[in-house]
Amino acid sequence: MSFSPPAIASPQDLDATLRTQGYAVVAPQHVAQLARLDLAALLAWRPLWDDLPPDAYLRDGGRYRRRRHACFVVEGAAVALAPHRPHWQPVEYNALHGGMQRHFEPMQAALVAQPAWQQLLVWLGQVASALKGPQTWYTEAHQFRIDTTDGIGRPTPEGAHRDGVDLVAVFLVGREGVKGGETRVFEADGPNGQRFTLTEPWSLLLLDDPRVVHESTPIQPVAEGGHRDTLVVTLRAGNFQGEPAR
C-alpha cells in the first residue's frame, strides 16, 4: 500500500497550520528560508552522522540505533549549551525506555559550536513561542542513525507515543538503501491521522506534542549499509524532564 506525500505547509502559514492541526511538514528549502540559513550548510552536516556511538539502552535487544545527545537553553536569540546530562523520560511517555537515566555521548563540538546550529535552535524557539507563548525553552537534541545491520531497524521501538514536551521537531537528515520508515501522526484524543514518508534531506515534521501521537514504521534494507538519519529536537517550558521546575 502506498500513501500520498505529506501536505507541505507554506512558510507564511506555518504557525497557523501547526495551531490548527497539531503538526506541520516543512520542505527543506522552507526550513532554510524560515531559519535564515543556507540549505547547503545544513546538507554539509550529514557526515557528522557517520560518527554516532551505539545506543546501549535498547530493551528489545536490538543493535540498530546509534545516537548522540545534547541539551540547550534557548531564550529569545540566546542559546546556551547546558551541562551534559542523561536523557530521561517518564514511563507514561515511553513505556519501553522510560524511567531510566540514559547516558549518551555528547554531540560533536564541530556541530553545536556553529552559528548555524545556534540559529536553527533560535528559529525553533520562535516556532514554539508562537505556538505556546514566549518562554525559556529547555531543549534537547538527538542525532539518530537507524541502520539495517540486523535486517530491520526501528526508528520508534516504543511505538506510537508523545514525548512529554511542548514541541517536537523531526528533521530527516538522509536515508540510503532502505524502504519503510513511514511517518504516522494521529490526534491524541481523536480519530484523525495522517501517514506519509519523508524522503528529502532536511524536510521537517513539527509536532504540537500534547495534541498528537507519532511513530515511524521499521526500515528494511534494499542495499548493503542501508540506514536512516534524523535530528530530533524537543522544546519544553519550565525545565528539562526529570528536573525541578525553574
Residue that is surrounded by the fewest Cβ atoms within 10 Å (Cβ to Cβ), among those in region 111-152 that are in contact with a strand residue (DSSP E or B) (Cβ under 8 Å, 6 or more places away or on another chain) and of a type in the set (D, E, K, R) | Lys132
Of the residues in region 180-201 that are small (Gly, Ala, Ser) and part of a loop (DSSP other than H, G, I, E, B), the one that is nearest to the chain's Cα centre (by Cα) is Gly181
Taking first residues from region 1-18 that are at negative phi and assigned to a helix (DSSP H, G or I) and second residues anywhere that are open to solvent by 70 Å² or more (accessible area, probe 1.4 Å) and at pLDDT 90 or above, the pairs with Cβ under 8 Å that are 6 or more apart or on different chains are Pro11/Gln33
Just need a number here: residues in region 206-244 that are under 18 Å from the mean Cα position of the chain (by Cα) and closer than 23 Å to Leu42 by Cβ.
-> 14
Collect the residues in region 12-22 that are of a type outside the set (Gly, Ala, Ser) and open to solvent by less than 30 Å² (accessible area, probe 1.4 Å), keeping them in residue-number order.
-> Leu14, Leu18
Please work out which residue is farthest from Ala16 (Cα to Cα), limiting yourself to region 116-159 and to residues that are touching a Pro at 6+ places or on another chain (Cβ under 7 Å) and among the aliphatic types (A, V, I, L, M).
-> Ile152
Which listed residue is at pLDDT 95 or above, among the β-branched types (Val, Ile, Thr) and open to solvent by 20 Å² or more (accessible area, probe 1.4 Å), from Val31, Val26, Val73 | Val73
How do the pairs read when you match residues in region 77-88 that are over 17 Å from Gln241 (Cα atoms) with residues anywhere that are open to solvent by 30 Å² or more (accessible area, probe 1.4 Å) and outside any loop (DSSP other than H, G, I, E, B), using Cβ under 6 Å and keeping only pairs 6 or more apart or on different chains?
-> Val79/Gln118; Ala80/Val73
State whether the residues of region 166-179 include one that is surrounded by fewer than 16 Cβ atoms within 10 Å (Cβ to Cβ), in a strand (DSSP E or B) and touching a residue at least 60 places away in the same chain (Cβ under 8 Å).
-> no
Out of Pro106, Pro115, which single residue is modelled with pLDDT of 95 or more and farther than 30 Å from Leu14 by Cβ?
-> Pro106
Among the residues of region 202-223, which ones are open to solvent by 10 Å² or more (accessible area, probe 1.4 Å), outside any strand (DSSP E or B) and either within 19 Å of Val173 (Cα to Cα) or touching a His at 6+ places or on another chain (Cβ under 8 Å) (or both)?
-> Thr217, Pro218, Val222, Ala223
Name the residues in region 216-241 that are at pLDDT below 95, under 23 Å from Cys71 (Cα atoms) and not small (Gly, Ala, Ser), would you?
-> Asn239, Phe240, Gln241
With the first residue restricted to region 128-139 and required to be farther than 13 Å from Asp208 by Cβ and outside any helix (DSSP H, G or I), and the second required to be open to solvent by 20 Å² or more (accessible area, probe 1.4 Å) and of a type in the set (D, E, K, R), Cβ contacts under 6 Å at 6 or more apart or on different chains are Thr136/Glu75; Tyr138/Arg236
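The values are calculated or read from the model by the stated rules, or taken from the named source; none is laboratory data. This is a predicted model, so every value here is computed, not measured. Positions of Cβ are backbone-derived with ideal geometry, glycine not excepted, and every protein chain shown enters the neighbour counts. Remember, those area values only see protein heavy atoms, side chains included, never the ligands or the DNA or RNA. Shrake-Rupley method; radii C 1.70, N 1.55, O 1.52, S 1.80 Å.
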